[in-house]
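Q: Here it is, the structure in full.
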Amino acid sequence: MDNSQPYKKSMNRRDFLKAGGLSTAALALGTTGVLSLGANNSLAAPVKHAKKGKAGFGPLVKDPGGMLDLPKGFQYRIISEEGGKLSDGRPIPAMFDGMAAFNGPKNSTVLVRNHELTGNTKYPVIGKNPYDKDNTGGTTALVIGPNRKVIDEYVTSAGTIRNCAGGETPWGTWLTCEETLEEGHGYVFEVDPHNPEGKLSKTPIRDMGAFSHEATAIDPSTGIVYLTEDGGPSFLYRFIPKDRSQRQGALQKGGKLQAAAMEEMVTASASKFYTGQKFGIVWKDVDPEKPTLEAKNKGCIQFSRLEGAYFAGGVFWFDDTSAGDKKLGRIYRYIPATNTLELFYESSEINDLEMPDNICITPWGDLWIAEDGDGINRVIGITPEGENYVFAENKLNDSELAGPTFSTDGKTFFVNIQSPGITYAIWGPFARKNAGRQRLMGHAAPPIHLAPQISDKLKGFAEVQGITELEAAAFHRHGMPIL
């Protein structure tokens, strides 16, 4: 199956060109169905530039197909569209969301994808072995060959509600999360893409909590799972498994669910140089059957609406999509080794970043953010060197971009348009893998013009206490009386 043509399913290629007023020569698609944004395309013109500096891949080039603007030298292929056909003839479900990529047989990539569906819908997830036959959410998988064309596409779990995001595991499975408070739902499920609709995929991990889940990320050094909540208010959780063997099914053996809080710590006596006042992150046990209520009653950190999560280089990254004075979003990082929470980025202008959603760290160490705001949504990059840039813009519609993930070899980037559901494979002159730079990103300062603004007094407090300004900003934004 080759879903490589630009989005306009009711038109053939000649009709598509005529409708757009383009000639075959001008579009320069070629016989592969791949849209290449290169210098030889007479329609290629920069429409948005990255910030000054050497970050990123240069200005974006206008896509003559009106789908996705990318930098010069990059190409995309549409590999899946809602309403198309899975390999067994069932319809491809709608509402594409979170994704992860795994190694497959014969140099293939297995892409696991969420479908944020609930209730009646035109293109539901139709499963053969659903968790709850009355619900339409779930996950699918795509097996993609080295030529970036789909070999197989199938349902991997079904019968769940609003499978929004989730996270991959170090052992090769996908944790899919229900974003709902409906009774009998609101759980995390483990999906093995190589054993679709198996027993594992319909067994809720109850100790991970019943709440409006968003995303997960696992610390591979400890096996601890970090979880975000998409609600109002939202809380940040971690799950400490009883079985830390990091293998399939281990999470179902149970564990302890905790929520993050800020508290004043016991310190040594004060001096004129040291106030004696110190705040830190503590983790409080919560009942997995009512975690939101307990987290609130125990004074845990209240966020606005948590979304994306990613773990790389010893650092857990997550974002609060509607936080801040202008409700444009914040990005945090938590460093387990030092138990440090920092406010890394706080958007203040729409053209900097609007409502961060799914996030990832690229194979070469940049932070990539998919937007979910009003109007044009983009993939934004931030470098360890303190620069930011735009990598992609969705020109089809105002729908969010979702599920950013890279193939394990780092050569292909996959991302979704949520509605109408489209999955892109994107490739071009990406940088090489660089684990050292990933670790550097976990401790780098944000771009100066994007960093949270704090007062001189707060800067002084951070210096006296021996904490970073980003850590002080996190405490201050969440109401701790540190001044």
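Q: Answer with yes or no whether residue 120 is free of Cβ contacts under 8 Å to residues at least 24 places away in the same chain, under 27 Å from residue 411 (Cβ atoms) and part of a loop (DSSP other than H, G, I, E, B).
A: Details: free of Cβ contacts under 8 Å to residues at least 24 places away in the same chain: yes; under 27 Å from residue 411 (Cβ atoms): no; part of a loop (DSSP other than H, G, I, E, B): yes.
No; evaluated as a whole, the condition is false for this residue.
Q: Related question: Check segment 423-446 and report whether any residue there is among the hydroxyl-bearing types (Ser, Thr, Tyr) and either open to solvent by 10 Å² or more (accessible area, probe 1.4 Å) or under 25 Å from residue 323 (Cα atoms) (or both).
A: Filtering segment 423-446 for residues among the hydroxyl-bearing types (Ser, Thr, Tyr) gives 423-424.
Within this subset, residues satisfying the condition of being either open to solvent by 10 Å² or more (accessible area, probe 1.4 Å) or under 25 Å from residue 323 (Cα atoms) (or both) are none.
Scanning segment 423-446 turns up no residue that is among the hydroxyl-bearing types (Ser, Thr, Tyr) and either open to solvent by 10 Å² or more (accessible area, probe 1.4 Å) or under 25 Å from residue 323 (Cα atoms) (or both).
Q: Here is a further query. Which of the residues spanning segment 179-205 are within 23 Å of the chain's Cα centre (by Cα) and β-branched (Val, Ile, Thr)?
A: Of everything in segment 179-205, those that are within 23 Å of the chain's Cα centre (by Cα) and β-branched (Val, Ile, Thr) turn out to be 180, 188, 191, 205.
Q: Where in segment 366-483 are there strands (runs of 3 or more DSSP E), lying fully within it, with 1 or more residues that are in contact with a Lys or Arg (Cβ under 8 Å, 6 or more places away or on another chain)? Please lay out each step first, then the result.
A: Numbers: elements: 367-371, 378-382, 388-394, 401-406, 413-417, 422-427.
Fully inside segment 366-483 and qualifying: 367-371, 388-394, 401-406, 413-417, 422-427.
Q: Could you tell me which numbered condition residue 105 fails, if it satisfies all but one of (1) over 19 Å from residue 193 (Cβ atoms); (2) modelled with pLDDT under 95?
A: Unmet condition: (1).
Q: Among (1) β-branched (Val, Ile, Thr); (2) open to solvent by less than 10 Å² (accessible area, probe 1.4 Å); (3) touching a Gly at 6+ places or on another chain (Cβ under 7 Å), which single condition is residue 180 missing?
A: Here residue 180 clears every test but (2).
Q: Within the group 183, 116, 190, 178, which residue is among the acidic types (Asp, Glu) and either out of contact with any strand residue (DSSP E or B) (no Cβ under 7 Å at 6 or more places or on another chain) or more than 18 Å from residue 204 (Cβ to Cβ) (or both)?
A: Numbers: 116 fails: either out of contact with any strand residue (DSSP E or B) (no Cβ under 7 Å at 6 or more places or on another chain) or more than 18 Å from residue 204 (Cβ to Cβ) (or both); 190 fails: either out of contact with any strand residue (DSSP E or B) (no Cβ under 7 Å at 6 or more places or on another chain) or more than 18 Å from residue 204 (Cβ to Cβ) (or both); 178 fails: either out of contact with any strand residue (DSSP E or B) (no Cβ under 7 Å at 6 or more places or on another chain) or more than 18 Å from residue 204 (Cβ to Cβ) (or both).
Just a single option satisfies the conditions, and that option is 183.
Q: Here is a list: 377, 397. Which entry is surrounded by fewer than 23 Cβ atoms within 10 Å (Cβ to Cβ) and not charged (D, E, K, R)? It would help to see each step written out before you state the result.
A: Values: 377 fails: surrounded by fewer than 23 Cβ atoms within 10 Å (Cβ to Cβ).
Criteria check complete, one pass: 397.
Q: Can you tell me how many residues in segment 111-127 are among the charged types (D, E, K, R) and open to solvent by 40 Å² or more (accessible area, probe 1.4 Å)?
A: Number satisfying all stated conditions: 1.
Q: When the residues of segment 149-177 are filtered to those that are part of a loop (DSSP other than H, G, I, E, B) and open to solvent by less than 10 Å² (accessible area, probe 1.4 Å), which remaining residue is nearest to residue 313 (Cα to Cα)?
A: Out of the qualifying residues, it is 169.
Q: Spot the failing condition for residue 242; the list is (1) surrounded by fewer than 21 Cβ atoms within 10 Å (Cβ to Cβ); (2) under 26 Å from residue 411 (Cβ atoms), and only one is missed.
A: The one condition residue 242 does not meet is (2).
Q: For residue 280, all conditions in the list (1) open to solvent by 40 Å² or more (accessible area, probe 1.4 Å); (2) over 18 Å from residue 213 (Cβ atoms); (3) part of a strand (DSSP E or B) hold save one; what is the number of the exception?
A: Status for residue 280: all satisfied but (1).
Q: If we keep just the residues of segment 128-144 that are in a loop (DSSP other than H, G, I, E, B) and touching a Gly at 6+ places or on another chain (Cβ under 9 Å), which is surrounded by the fewest Cβ atoms within 10 Å (Cβ to Cβ)?
A: This residue is 134.
Q: How many residues are more than 20 Å from residue 98 (Cα to Cα), touching a residue at least 40 places away in the same chain (Cβ under 8 Å) and of a type in the set (A, V, I, L, M) if we restrict to segment 216-250?
A: Within segment 216-250, residues that are more than 20 Å from residue 98 (Cα to Cα), touching a residue at least 40 places away in the same chain (Cβ under 8 Å) and of a type in the set (A, V, I, L, M) number 1.
Q: So, of the residues in segment 66-110 that are hydrophobic (A, V, I, L, M, F, W, C) and farther than 19 Å from residue 406 by Cα, which turns out to be surrounded by the most Cβ atoms within 10 Å (Cβ to Cβ)? Talk me through it step by step, then tell me what you get.
A: Step one: list which residues in segment 66-110 are hydrophobic (A, V, I, L, M, F, W, C), which gives 67-68, 70, 74, 78-79, 86, 92, 94-96, 99-102, 110.
Then keep just the ones that are farther than 19 Å from residue 406 by Cα; that gives 67, 86, 92, 94-95.
Working: 67: 21, 86: 19, 92: 23, 94: 21, 95: 26.
Only one residue tops the list, namely 95.
Q: Are any residues in segment 185-217 open to solvent by 10 Å² or more (accessible area, probe 1.4 Å) and under 14 Å from residue 241 (Cα atoms), and if so, which ones?
A: Of everything in segment 185-217, those that are open to solvent by 10 Å² or more (accessible area, probe 1.4 Å) and under 14 Å from residue 241 (Cα atoms) turn out to be 206, 207.
The values are calculated or read from the model by the stated rules, or taken from the named source; none is laboratory data. Values in this document were obtained by computation on a predicted structure and should not be read as measured data. No Cβ is skipped: glycine too gets one built from the backbone with ideal geometry, and neighbour counts run over all protein chains shown. Please note that ligands, DNA and RNA were not included when accessible areas were found on the heavy atoms of the full protein model with its side chains. Shrake-Rupley method; radii C 1.70, N 1.55, O 1.52, S 1.80 Å.
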